[in-house]
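Below is one structure, written out as structure tokens; the observations come after it.
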Amino acid sequence: MGDGFVFIEIVIFAMIAAFLVYRLRSVLGRRTGEERQRSNPFTSAPGAAKPDNVVPLPERNRPRPDVAPGADVVMSDEPLSLAASIDQIRAADPTFDEKHFLEGSKAAFAMIVDAFARGDTATLRPLLADDVYDSFAQVIRDRQAAGEQHEARIEQVREAEVVEAKLDAGRTARVTVRLVSDQVNVVRDRNGAIVDGDPKALVENTDVWTFARNLRSRDPNWALVEVRPVQ
């Protein structure tokens, strides 16, 4: 009887864990300092492509033009405002919702930061584009070879704002988010001694991440494709 109850509890906990992972993926996937600078790809991803069109943040109070669901997207060589770019993405995917996307990006941000600190490449793999994953994995390997441990804890993501958006070739949506968070970051050597950071110090970090998704793909999930240093 006792073994039976233990088995049932294990099954229940497994179901709960699976549900939480599903919710995180569905949220992002619905179309809808005097401290040393951190030497990790969250500040600058080696080899990451530079943006070819930095769009200034426009006034966000102007009315959104009506866009018929499924309407053909008209591409132009002229730079678009942020609001117009989001309208273009929404025209290609009427279920895209900016507010819901931001909630998903915050959840993905927390998961990626935590997985990177723990060296959990299995969790990182489906959330990152190939080149970004290679950069993250290399830093993890270097850290492991040096016997270092990275501890990262996000207390809160205080701000999340879409600062750029673009629709490439009428099919690939790229949305750049500025994330401001309060974090604790510590690096320890192989003996457990702190070599960087303070476990009691809460530090404000600003990250600029770009997520992308092929809107014509059956895969509803977005991937992190670029990590940009803050200017």
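The values are calculated or read from the model by the stated rules, or taken from the named source; none is laboratory data. Note that the structure is predicted; figures quoted are calculated from it, not measured. Neighbour counts run over all protein chains shown; Cβ positions are idealised from the backbone, glycine included. These accessible areas exclude ligands, DNA and RNA; they are computed on the full protein's heavy atoms, side chains included. Shrake-Rupley method; radii C 1.70, N 1.55, O 1.52, S 1.80 Å.
Conditions (1) open to solvent by 70 Å² or more (accessible area, probe 1.4 Å); (2) assigned to a helix (DSSP H, G or I); (3) within 23 Å of A173 (Cα to Cα), marked per residue:
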| position | (1), (2), (3) |
| --- | --- |
| P79 | yes, no, yes |
| S85 | no, yes, yes |
| Q88 | no, yes, yes |
| T95 | yes, no, yes |
| I112 | no, yes, yes |
| V139 | no, yes, no |
| A152 | no, no, no |
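Residues that are under 19 Å from the mean Cα position of the chain (by Cα) and modelled with pLDDT of 95 or more: does the stretch 144-154 have at least one?
no
Can you find a residue that is open to solvent by 50 Å² or more (accessible area, probe 1.4 Å), within 21 Å of Q88 (Cβ to Cβ), touching a strand residue (DSSP E or B) at 6+ places or on another chain (Cβ under 8 Å) and not polar (S, T, N, Q) anywhere in the stretch 178-198?
So far as the stretch 178-198 goes, yes, one or more of its residues are open to solvent by 50 Å² or more (accessible area, probe 1.4 Å), within 21 Å of Q88 (Cβ to Cβ), touching a strand residue (DSSP E or B) at 6+ places or on another chain (Cβ under 8 Å) and not polar (S, T, N, Q).
V67 passes all but one of (1) modelled with pLDDT under 65; (2) among the aliphatic types (A, V, I, L, M); (3) open to solvent by less than 20 Å² (accessible area, probe 1.4 Å); which number fails?
(3)
Considering only residues that are assigned to a loop (DSSP other than H, G, I, E, B) and within 28 Å of the chain's Cα centre (by Cα), which ones fall in the stretch 190-200?
Initial filter on the stretch 190-200 (assigned to a loop (DSSP other than H, G, I, E, B)): 190-193, 198-200.
Once the filter is applied, which keeps residues that are assigned to a loop (DSSP other than H, G, I, E, B) and within 28 Å of the chain's Cα centre (by Cα), the stretch 190-200 yields D198, P199, K200.
Could you check the stretch 167-182 and list, in sequence order, the residues that are basic (K, R) and not in a loop (DSSP other than H, G, I, E, B)? Steps first, answer last, please.
So in the stretch 167-182, the residues basic (K, R) come out as 171, 174, 178.
Of everything in the stretch 167-182, those that are basic (K, R) and not in a loop (DSSP other than H, G, I, E, B) turn out to be R174, R178.
Could you please find all residues in the stretch 202-216 being open to solvent by 40 Å² or more (accessible area, probe 1.4 Å) and under 19 Å from A169 (Cα atoms)? Break it down stepwise before answering.
Within the stretch 202-216, the first condition is being open to solvent by 40 Å² or more (accessible area, probe 1.4 Å), and the residues that meet it are 202, 204, 206, 214, 216.
Once the filter is applied, which keeps residues that are open to solvent by 40 Å² or more (accessible area, probe 1.4 Å) and under 19 Å from A169 (Cα atoms), the stretch 202-216 yields N214, R216.
Determine, yes or no, whether E164 is at pLDDT below 95, among the charged types (D, E, K, R) and either farther than 30 Å from S85 by Cα or not in a helix (DSSP H, G or I) (or both).
Working: at pLDDT below 95: no; among the charged types (D, E, K, R): yes; either farther than 30 Å from S85 by Cα or not in a helix (DSSP H, G or I) (or both): yes.
In short, no.
Listed here are the residues, each with its yes/no results for (1) open to solvent by 60 Å² or more (accessible area, probe 1.4 Å); (2) modelled with pLDDT under 50; (3) of a type outside the set (F, W, Y).
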| residue | (1), (2), (3) |
| --- | --- |
| A48 | no, yes, yes |
| F101 | no, no, no |
| L124 | no, no, yes |
| D131 | yes, no, yes |
